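Undergrad: Structure provided below as structure tokens; questions to follow.
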């Protein structure tokens, strides 16, 4: 299998007048085409920073990031989709207009993309609400609209920055199952950053465990579930508990 | 949003709301009538001196006389034109400057103390200087109006721009957008309500600035009528001009309210 993303020896520090805080230290990750990778780590360990680096919003201090074999450029960045923690749907736009935002920015609005947008809105049960304002939708629906906004740009790689953390627990289970299945069925490559261990295990083919600041890679755990299981079904298997406990111990080495 | 037939309780509630609104409108009109009646009868019965306090009937007579003999509508038109001109200059100028400031953080930090000083300076102190520099003409008066409102507007607008959620700008970046696109897709639309609010306060401020300008240097406009009237002791002129200023202020504010209703969707 060809690797879509290749990071080598990435270092990154934050600089303030008070001093320097190393955030990431010697990160090496290789993500294969079609793979779903979860990244977990203690809170504030630079997980979001890692995603910002991976999609080229900030540049590493040293080390290289190669996307499909070549360094990140303005152009190649457009093939990376990023889902933020909050949906950030704009209240001054209707749902349909919100979903079209990415296409508008990349000047890709055409009859065909508009049809596709409507198709996705129908597929994810939002078509009825296409003229509604974001505040009229539930948290789960809003997050689905945000996903459509990202998917319409046909990203080869999806970066998910705790996209479910703003939802209440029940919605969160449903939406992560929903969105996890959508991504898996469309065969996209995805990297999910989360602090929720069960989310990481239920969605990921591999779980990368980061160490506390400055974050380095502590361990990489490959999960092996039968292909046909949805994220929610994975949660009911015995293997799920074992992986969960294994990662728990990685993150809390001093507890029994 | 529901289309069901409304219940009796809901109907009663709606009726009570309607009644309340009608009552408030009635009170408002009553206050005006009582005020005018008291004023008029006070002047006629000799409670107040109608030479210095005037009276509604004298004002009305004064109004028709001035329209005929002293081109009152010309003066109103001049003041209105100057106010609108300075208002549009303030809005356009402050939006442009704020956009520049938003593009460059260094520029903002450099200019910050100057903006603060210019904003807190009493602008009426500038008016005499402007007259010497530019002469007693429309430009001076319009610029006086501009100077009263523009610095505060820039500071306010900049705060509005910088309070927009950073993550929303990050979203534009992750979608491959430039800083220009962040400006047009996020910053400006997010500040719509803020802009309308500033328009509301600026239309009043510009009127104040224009009147100050007309007080000091002008041969026409309502400010000129007020100053001239007080100098020759024609207090009818002064009071009538003030009355007309009230109506202009309310009218301009009303126009912006209409704009607000058009631009900002009501919930």
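Undergrad: Determine which single condition residue A:34 fails, assuming it passes every other condition in (1) within 14 Å of chain B (Cβ to nearest Cβ); (2) under 29 Å from residue A:198 (Cα atoms); (3) surrounded by fewer than 20 Cβ atoms within 10 Å (Cβ to Cβ).
TA: All conditions pass for residue A:34, except number (1).
Undergrad: Mind checking which residues of the range B:36-52 are without any contact (Cβ under 8 Å) to a residue 24 or more places away in the chain and touching a helix residue (DSSP H, G or I) at 6+ places or on another chain (Cβ under 9 Å)?
TA: Those that are without any contact (Cβ under 8 Å) to a residue 24 or more places away in the chain and touching a helix residue (DSSP H, G or I) at 6+ places or on another chain (Cβ under 9 Å): B:36, B:37, B:39, B:40, B:42, B:43, B:44, B:47, B:48, B:49, B:50.
Undergrad: So, one more: Any residue at all in the range A:77-89 that is more than 24 Å from residue A:179 (Cα to Cα) and either within 10 Å of chain B (Cβ to nearest Cβ) or modelled with pLDDT of 90 or more (or both)?
TA: Checking the range A:77-89: not a single residue is more than 24 Å from residue A:179 (Cα to Cα) and either within 10 Å of chain B (Cβ to nearest Cβ) or modelled with pLDDT of 90 or more (or both).
Undergrad: Can residue A:205 be described as closer than 18 Å to residue A:235 by Cβ, free of Cβ contacts under 8 Å to residues at least 60 places away in the same chain and within 20 Å of the chain's Cα centre (by Cα)?
TA: Answer is no for this residue.
Undergrad: How many of the residues making up the range B:191-203 are crowded, with 19+ Cβ neighbours inside 10 Å, outside any loop (DSSP other than H, G, I, E, B) and within 12 Å of another protein chain (Cβ to nearest Cβ)?
TA: The number of residues fulfilling the criteria is 0.
Undergrad: Determine if the range B:139-152 includes at least one residue that is under 21 Å from the mean Cα position of the chain (by Cα), surrounded by fewer than 18 Cβ atoms within 10 Å (Cβ to Cβ) and assigned by TED's automatic domain parsing to the domain that holds residue B:224.
TA: Checking the range B:139-152: at least one residue is under 21 Å from the mean Cα position of the chain (by Cα), surrounded by fewer than 18 Cβ atoms within 10 Å (Cβ to Cβ) and assigned by TED's automatic domain parsing to the domain that holds residue B:224.
Undergrad: Determine which member of the set A:223, A:194 is touching a helix residue (DSSP H, G or I) at 6+ places or on another chain (Cβ under 8 Å), without any contact (Cβ under 8 Å) to a residue 24 or more places away in the chain and buried (at least 17 other Cβ atoms within 10 Å of the Cβ).
TA: Just a single option satisfies the conditions, and that option is A:223.
Undergrad: Is at least one residue of the range A:7-16 under 25 Å from residue A:223 (Cα atoms), assigned to a loop (DSSP other than H, G, I, E, B) and away from every other protein chain (no Cβ under 14 Å)?
TA: Checked against the condition, which is being under 25 Å from residue A:223 (Cα atoms), assigned to a loop (DSSP other than H, G, I, E, B) and away from every other protein chain (no Cβ under 14 Å), the range A:7-16 yields no hits at all.
Undergrad: Just one of A:61, A:74 is surrounded by fewer than 19 Cβ atoms within 10 Å (Cβ to Cβ) and within 14 Å of chain B (Cβ to nearest Cβ); which is it?
TA: Being surrounded by fewer than 19 Cβ atoms within 10 Å (Cβ to Cβ) and within 14 Å of chain B (Cβ to nearest Cβ) holds for just one of A:61, A:74, which is A:74.
Undergrad: If you don't mind, another one. Taking the criterion of being crowded, with 18+ Cβ neighbours inside 10 Å, farther than 25 Å from residue B:226 by Cα and either in the same structural domain as residue B:244 (by TED's automatic domain parsing) or free of Cβ contacts under 8 Å to residues at least 40 places away in the same chain (or both), would at least one residue in the range B:65-81 satisfy it?
TA: No: the range B:65-81 contains no residue that is crowded, with 18+ Cβ neighbours inside 10 Å, farther than 25 Å from residue B:226 by Cα and either in the same structural domain as residue B:244 (by TED's automatic domain parsing) or free of Cβ contacts under 8 Å to residues at least 40 places away in the same chain (or both).
The values are calculated or read from the model by the stated rules, or taken from the named source; none is laboratory data. Quick caveat, the model's predicted, so the values are computed rather than measured. As a convention, Cβ positions derive from the backbone with ideal geometry for all residues, glycine included, and neighbour counts pool all protein chains shown.
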